[in-house]
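I have placed the structure first, in the form of C-alpha cells, so that the comments after it can refer back to it.
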C-alpha cells in the first residue's frame, strides 16, 4: 500500500522545504504537476518544480507549520503558516493537493497572505 495524501504532503514539507532535499520532487510529484491558481493553471515539469523551489528556498528558508493537514484517499488539505529561518518573512495560505499513486498531481492555491492565521 502506498503513502496516503497526508503522508506525501508531510514529506513534501519536511524533506523538501525543511531539510532541503529538493530532488525529492522527482519522487513524490508528477512530471507534469498542475498548479491551479485563481484565473488559470500552469503545468510544471520536474525540472520546472526543482528550479522554482531552488530559486525560492535560499532567500528565506521557510519553515512551514501545518495549522491543518487532513485528507482522504485522494486529497490532502493544508492550511499553513511559513516563517523565514534566514530572513524576516511570513506567509500563510491554503493548498489542496491531489495525490495519485504516491505522487502529487495537482495543487490548488489561494493567494498568499503576509499575515498569520488568527
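Quick notes
- With respect to the stated conditions, residue 10 is out of contact with any helix residue (DSSP H, G or I) (no Cβ under 8 Å at 6 or more places or on another chain), closer than 18 Å to residue 100 by Cα, surrounded by 15 or more Cβ atoms within 10 Å (Cβ to Cβ) and free of Cβ contacts under 8 Å to residues at least 60 places away in the same chain.
- Filter pass, residue 101 being surrounded by 17 or more Cβ atoms within 10 Å (Cβ to Cβ) and touching a residue at least 40 places away in the same chain (Cβ under 8 Å): no
- Residues of region 21-60 satisfying the condition of being farther than 16 Å from residue 97 by Cα and in contact (Cβ under 8 Å) with a residue 40 or more places away in the chain: 57
- Region 25-52, subset buried (at least 17 other Cβ atoms within 10 Å of the Cβ) and out of contact with any strand residue (DSSP E or B) (no Cβ under 8 Å at 6 or more places or on another chain), residue farthest from residue 105 (Cα to Cα): 50
The numbers here are math on the coordinates, done by the rules we state, and not lab data. None of these values were measured; they are calculated from a predicted model. Here the Cβ is made from the backbone with ideal geometry for all residues, glycine too, and neighbour counts use every protein chain on show.
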